[in-house]
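Here is the structure we will look at.
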Amino acid sequence: MIIDIHTHLFPGDIREKRENYCLDEPSFALLYRDPKSKMIGSDEIVQAMDEQGVDISVVFGFPWLNLDTCKRHNDYILESVSRYPNRLVGFSCVNPYTNGAEDEVQRCLKAGLSGVGELALYQEGGITEDAVRRIAPIMEQCGEENLPVMFHTNEPVGHKYPGKTDNTLAQIYHLVKTYGNNTIILAHWGGGVFFYNLLKKEVGGVLSNVYFDTAASPFLYNPRIYSLAMELAGEDRILFGTDYPLIPPQRYYRDIDSAGLATSARRKLLGKNAANILSIPYNEELL
């Protein structure tokens, strides 16, 4: 059973008129102004899942500054999950700097979405102390209902690319330490913060409720990342995520195959770990 925990869907209006949404949404413009930047809807992702062997995908939108756009996008996620209840699981996506973000999360969770994310803090300075404070009401809601929250993170070194934020490892660590009672997913391998599990004090406990997804890995890391991350973070803490439609699942399958993982570790990575977080049945026979 394969679960992709990191995919993005967009309503038809945004896909067809993306230029209109670039005018007052600098983060969206950064990532999607280029017509070559792919955006898809629910029908397209289910078709791709069928073609590439994915059983369930977690779908979410974009952290819009405009609350009305945010609500319409979340409504589309709710509609998509309703259309494909056995294939899609939805997260509510908001911008913590948008007035009303807390109420929007509450609305979406009451309507049946299964978590929050991908929360992306693209503003200058990365995951600042102010940003950590702003998400407190959202984290409280998800903590009470034992629902996961996914954050956009990235490695703070290396080459620049669209969507790479100013976050530091210290900021990422402070975020997860502040909300140690929450189930947190750090996208894009968490910027590599799991390396510090090798420290003898504190870090192992702080990261005990943290999971790391593989989104964009073929663009960024050598396939050895899979075995190394499982050794340092634990086999139960790695989640298969593609950032689809950025990269198709087959690209990941090739890297995972070359990583030489044991069958049990591969099953955990591709679906079992995500099923546990999402509280959905795991069918081992589907892998």
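The values are calculated or read from the model by the stated rules, or taken from the named source; none is laboratory data. Bear in mind that the values here come from a model prediction, so they are computed numbers and not experimental data. Counting neighbours? That spans all protein chains shown, and the Cβs are built from the backbone with ideal geometry, glycine included.
Looking at region 217-224, can you tell me whether even one residue there is more than 30 Å from Glu145 (Cβ to Cβ), of a type in the set (S, T, N, Q) and in a helix (DSSP H, G or I)? No, region 217-224 has no match at all.
Restricting region 1-50 to residues that are within 17 Å of Asp243 (Cα to Cα) and of a type in the set (Phe, Trp, Tyr), the residue that is modelled with the highest pLDDT is Phe10.
Scanning region 82-104 for residues that are of a type in the set (A, V, I, L, M, F, W, C) and within 17 Å of the chain's Cα centre (by Cα) yields Leu88, Val89, Phe91, Cys93, Val94.
Filtering Ser264, Ser217 for residues that are at pLDDT 95 or above and more than 18 Å from the chain's Cα centre (by Cα) leaves a single hit, Ser264. On the stretch given as region 247-287, residues that are part of a loop (DSSP other than H, G, I, E, B), in contact with a strand residue (DSSP E or B) (Cβ under 8 Å, 6 or more places away or on another chain) and closer than 22 Å to Thr153 by Cα total 0.
Residue under question is Asn99, and the condition is that it be at pLDDT 95 or above, part of a loop (DSSP other than H, G, I, E, B) and not small (Gly, Ala, Ser); does it hold? No: the conditions fail for Asn99.
Among the residues of region 192-233, the ones that are among the basic types (Lys, Arg) and touching a residue at least 12 places away in the same chain (Cβ under 8 Å) come to 1 in all. Candidates are the residues of region 152-178 that are over 14 Å from Glu129 (Cα atoms) and hydroxyl-bearing (Ser, Thr, Tyr); the one that is surrounded by the most Cβ atoms within 10 Å (Cβ to Cβ) is Thr153. Taking region 228-261 as the search range and keeping residues that are small (Gly, Ala, Ser) and out of contact with any Pro (no Cβ under 8 Å at 6 or more places or on another chain), which one is modelled with the lowest pLDDT? If we take residues in region 228-261 being small (Gly, Ala, Ser) and out of contact with any Pro (no Cβ under 8 Å at 6 or more places or on another chain), then Gly260 is modelled with the lowest pLDDT.
Selection of region 98-132 for residues being in contact with a helix residue (DSSP H, G or I) (Cβ under 9 Å, 6 or more places away or on another chain) and under 18 Å from His174 (Cα atoms) yields Leu119, Ala120, Leu121, Tyr122, Gln123, Gly125, Gly126, Ile127, Thr128, Glu129, Ala131, Val132.
The number of residues in region 112-163 being β-branched (Val, Ile, Thr), within 26 Å of Asn273 (Cα to Cα) and in a helix (DSSP H, G or I) comes to 1.
Table: residues versus (1) touching a strand residue (DSSP E or B) at 6+ places or on another chain (Cβ under 7 Å); (2) within 23 Å of Leu186 (Cβ to Cβ); (3) surrounded by 18 or more Cβ atoms within 10 Å (Cβ to Cβ).
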position: Gln52; (1), (2), (3): no, no, no
position: Lys71; (1), (2), (3): no, no, no
position: Cys93; (1), (2), (3): yes, yes, yes
position: Tyr97; (1), (2), (3): no, yes, no
position: Gln106; (1), (2), (3): no, no, no
position: Ile138; (1), (2), (3): yes, yes, yes
position: Asn146; (1), (2), (3): no, yes, no
